[in-house]
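**Q** Mind looking over this structure? Questions follow.
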Amino acid sequence: MNWRDSLPKARGKLLIDEPLAPFTWLRVGGSAEVLFLPADEDDLAAFLRAMPAEIPVNVLGVGSNVIVRDGGVEGVVVRLAGRSFGEVHIESGQGRLVTGAGVPDAVLARAAAKAGIAGLEFFAGIPGSVGGALAMNAGCYGAETAEVLVLAWGVDRAGERRILGVADFAYGYRHSKAPGNIIWTGAIFTGHADEGSAIAARIGEITSRREVTQPIREKTGGSTFKNPPGHSAWRLVDEAGWRGRSRGGAMFSDLHANFLINTGAASAADLEDLGEAVRADVASKFGIDLEWEIKRIGKRG
């Protein structure tokens, strides 16, 4: 009997062989064997406790920084959608925001501005959600998640609730030492008081800067590669001659050399193969190993 014939009961949605491309910004990739949209954290925990340990579980946020491979994703893909994971609350008098992991980073930044809480403006420049920011210490323009996080909570693969303070993450550049089997469901962030209009103005500057320097109107994601120590990934890609070059339906942006674009008919393999070609060329020319920042999940077609 196939494991999908005896899935645990859930109050959320369980979708079989669900195409994942529509959930990603790059609009590529195959299907999930099972896509689970939990109703809330308790629903997620109960499902994971009942799911056999050998069944792999992946998490898909807003799909901004991921390539789903053409062969699809084995096991269960969890997507935190809906109100339970998508709200932001202000802790009155504390200068803190309590947020679900499904909240887009830009929404968190605007909520902070409305509450007069400064320090989270940089989230307006990150194309992702809170859950992804927690996992990878997302940041931009000189600020990062580690600077404003108080604590976060989630559910591990065994269905147990876990709570970690910011020190427990032992954050580094685009890296966390928190257990990789935790699906983050919420967090508390802190900042400092400022006029909402001043915060909103800074968010506007970040948004305008992104529009001028990044191909945000294209089928793209966030940065393709992490910045190696002492170097800028975009500059290495550019100096190696890959700005604007393509393979199949994939290309590196003319506007920002560290952004992959699906020009319309790319496969996941086109995107990943182009990225690997760039990595090999940069390593050959400069002796520098570019590390993927975009997460790649699933099987090659």
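**Q** Given (1) surrounded by 14 or more Cβ atoms within 10 Å (Cβ to Cβ); (2) in a helix (DSSP H, G or I); (3) hydrophobic (A, V, I, L, M, F, W, C), where does residue 280 come up short, assuming only one miss?
**A** All conditions are met except number (1).
**Q** Hey, another quick one. Test residue 237 against the stated conditions and say whether it is farther than 13 Å from residue 278 by Cα and part of a helix (DSSP H, G or I).
**A** It is false that residue 237 is farther than 13 Å from residue 278 by Cα and part of a helix (DSSP H, G or I).
**Q** Please pick out the residue among 187, 152, 240 that is surrounded by 13 or more Cβ atoms within 10 Å (Cβ to Cβ), under 29 Å from residue 281 (Cβ atoms) and not polar (S, T, N, Q).
**A** Result of the check over 187, 152, 240: 240.
**Q** Would you confirm whether or not the stretch 55-70 contains a residue that is in the same structural domain as residue 195 (by TED's automatic domain parsing) and either at positive phi or surrounded by fewer than 21 Cβ atoms within 10 Å (Cβ to Cβ) (or both)?
**A** no
**Q** Does residue 127 meet the test of being assigned by TED's automatic domain parsing to the domain that holds residue 155, in contact (Cβ under 8 Å) with a residue 12 or more places away in the chain and not charged (D, E, K, R)?
**A** Spelling it out, residue 127 is indeed assigned by TED's automatic domain parsing to the domain that holds residue 155, in contact (Cβ under 8 Å) with a residue 12 or more places away in the chain and not charged (D, E, K, R).
**Q** To continue, here is another question. For the stretch 120-128, check the following and say yes or no: at least one residue is in contact with a Cys (Cβ under 9 Å, 6 or more places away or on another chain), of a type in the set (Phe, Trp, Tyr) and either in a helix (DSSP H, G or I) or surrounded by fewer than 24 Cβ atoms within 10 Å (Cβ to Cβ) (or both).
**A** Checked against the condition, which is being in contact with a Cys (Cβ under 9 Å, 6 or more places away or on another chain), of a type in the set (Phe, Trp, Tyr) and either in a helix (DSSP H, G or I) or surrounded by fewer than 24 Cβ atoms within 10 Å (Cβ to Cβ) (or both), the stretch 120-128 yields at least one hit.
**Q** Sticking with this one: Find the strands (runs of 3 or more DSSP E) located wholly in the stretch 136-206 whose residues include 1 or more that are without any contact (Cβ under 8 Å) to a residue 60 or more places away in the chain, and list them.
**A** 149-155, 161-165
**Q** Which of (1) within 30 Å of residue 74 (Cβ to Cβ); (2) of a type outside the set (S, T, N, Q); (3) touching a residue at least 24 places away in the same chain (Cβ under 8 Å) does residue 249 not meet, given it meets every other one?
**A** (3)
**Q** Sticking with this one: Please find, within the stretch 257-283, the residue that is farthest from residue 67 (Cα to Cα) out of those that are touching a helix residue (DSSP H, G or I) at 6+ places or on another chain (Cβ under 6 Å), without any contact (Cβ under 8 Å) to a residue 60 or more places away in the chain and not β-branched (Val, Ile, Thr).
**A** So the residue we want is 257.
The values are calculated or read from the model by the stated rules, or taken from the named source; none is laboratory data. Predicted model, so just to flag it, every value in this text is computed and none were measured. Don't worry about glycine lacking a Cβ; one is built from the backbone with ideal geometry, like all the others, and counts go over all protein chains shown.
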